[in-house]
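Bear in mind these aren't lab numbers, they're just calculated from the coordinates by the rules spelled out. Being a predicted model, the structure only gives us computed values, none of them experimental. All Cβ positions, even for glycine, are placed from backbone atoms using ideal geometry, and neighbour counts span all protein chains on display.
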């Protein structure tokens, strides 16, 4: 008997293979590593099971001052950058929607630039802007204006920490993150039927009334969606912070978030067991937020049934 | 259960048809929300443009300063752009590998060329893998019936949201394990394996979003095209290759650009998997700036500008496509 294989399967093999090898297996393995004393990639140590990593993580949360700094940085960084990304994105999307198309297009492109720039170059730009010596852009401007008398190391000076390090992180990531909200909100505003705006206008509504009573109420769900999605990516991404810490532009602990801490423990201090345990916490948060985002997306409506199969 | 599902699908079908008809009845697109000319639009336009411009100015300034510094004899920080001397000396030094004028050679011209080639190989490799995988899977998800289709798409979204830092530890563990089987004395095989693994691992990160994007492009093709070919006796694979693919070329080129840029800009993966044996522009810049005391910054500015170049180029050439594709994935 010949087994008839669904042809769809053939088309899906490459994708399924990649997902299995690079998502499913690593996910299970990652949680497993969290329960092993893996160090220095000595894979032989993966045989024994222990809860030591989680105990240690729990202990560190309350007793390790450096780890305490990382946790506080993560909270402050996530909260403020999230606010900037959502509110800034909303403002940007709205302003671009209200503008003439001729002006709107170049602005949308301009604001996307940080997102599309290679991380290394983007970090370089900011590294140089906040550079400690006289040649750093910010120092050189402020010196010339007479605001400061001597060049300051903005991200590492103990007199300025931790606020300046936080401001640097928030600023650097804010400019990247804000474009996501901008795109979502901009297209959301455009999908609102024009008649409503016109009707409000005919009734004598001012622009600010239209914004408050017609436009904003209709993108409520998009606001929730952007918030959840950005919260998720702020908690888990670290690429834009990585080089700033590595190059010493910001303080090692006051400039690290949880995700970057996980990365550095795994690849700098080589305690993969501990890192995987800390990553497991992220996995749980990620799974919950991801499911929430799915519900908000009204996912089912986006899946159109195939019409025919011959 | 079965009944409610089919009813839902009929409903969504109806909704789509109605939407189509409505689309046809719609008057031509309005420009802005200024259909009723009761207030001065020029003033608001100007105000908004000014605010957005001022807010974006710091970042824009940084880009300009970087590009100008790559031609200047000093790193520029504002007013000094008028007093600096400009030449292509920095670029010459970059390609000669002289990153600090005082110290001896750190790199040779060949090293620099290799770094650029490596970056290109990673970027093109990621592009190829992403294209093949997501054009195939996107078609299946958009056009074919199979069990767990909706579940699979949900999974894609969840995977896209998945914390990469949790994955990379385990992906690296697998890497270490498999590298053990490659003979170290065979440098070529060893390095090739490193490169291939990195390309696949990096491409996998892009897969969920790319499949989602590609599915959207396939959804837009009318079914009649496919039916007529199938009725004429063509196989599913043949239809896909000869009829459908040519129709989604715009989608494929958008995807190719995104995948290329993703591979081109990557830092974390090339840092973890390839550095220091195989360097790319990202890890090269990471390394030179790391030894800042000896480094001549304007040369780094030249390296940064070189690295930025394809991004800017794609940007100028494909701005419409870019915005269209980016907003397509989040239409809720």
Task: Simple spin-label estimate for residue B:132 and residue B:86 in nanometres, 7 Å along Cα-Cβ - done: 4.6
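For region B:109-328, what's the relative contact order in percent, using C-alpha pairs closer than 8 Å and at least 6 residues apart?
34 percent.
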- [ ] Could you work out the mean count of beta carbons from other protein chains within 10 Å of each residue's beta carbon in A:165-177?
- [x] 1
TODO: Provide A:186, B:275 in ascending order of the number of other Cβ atoms located within 10 Å of each residue's Cβ, fewest first.
DONE: B:275, A:186
Task: Per-residue average of Cβ from other chains inside 10 Å of A:186-193 - done: 3
TODO: Compute the relative contact order of chain A as a whole-number percentage, counting only Cα pairs closer than 8 Å that sit 6 or more residues apart in sequence.
DONE: 28
Task: Shape call, region A:1-160: gyration tensor on alpha carbons, a/c limit 1.5 - done: oblate
Task: Cα centroid separation, region B:160-230 to region A:151-201 (Å) - done: 31
Task: Simple spin-label estimate for residue B:95 and residue A:62 in nanometres, 7 Å along Cα-Cβ - done: 6.3
TODO: Would you please classify the overall shape of chain A from the alpha carbon gyration tensor, given that a ≥ b ≥ c denote the square roots of the eigenvalues, rounded means a/c under 1.5, and beyond that prolate means a/b larger than b/c while oblate covers the rest?
DONE: oblate
Task: Gap separating the Cα centres of region A:216-235 and region B:239-281, nearest whole Å - done: 28
TODO: Averaging over all projection directions, find the projected area of the Cα convex hull of region A:43-92 and quote it in nm² with one decimal place.
DONE: 5.8
- [ ] For residue B:111 paired with residue A:100, estimate the spin-label separation in nm (one decimal), with each label point 7 Å from Cα along the Cα-to-Cβ line.
- [x] 5.3
Task: Selected from A:197, A:167, A:21 as most flexible by GNM, with chain A as the system and alpha-carbon contacts under 10 Å - done: A:21
Open item on the list: Connecting C-alpha atoms closer than 10 Å in a GNM of chain A, tell me which of A:11, A:180, A:263 has the biggest fluctuation.
Closed with: A:11
- [ ] Report the FRET efficiency, 1/(1 + (r/R0)^6), for residue A:202 and residue B:178, where r is their Cβ-Cβ distance and R0 is 51 Å, rounded to 0.05.
- [x] 0.15
TODO: Specify the inter-centroid distance of region B:51-127 and region A:1-63, based on alpha-carbon positions, in whole Å.
DONE: 40
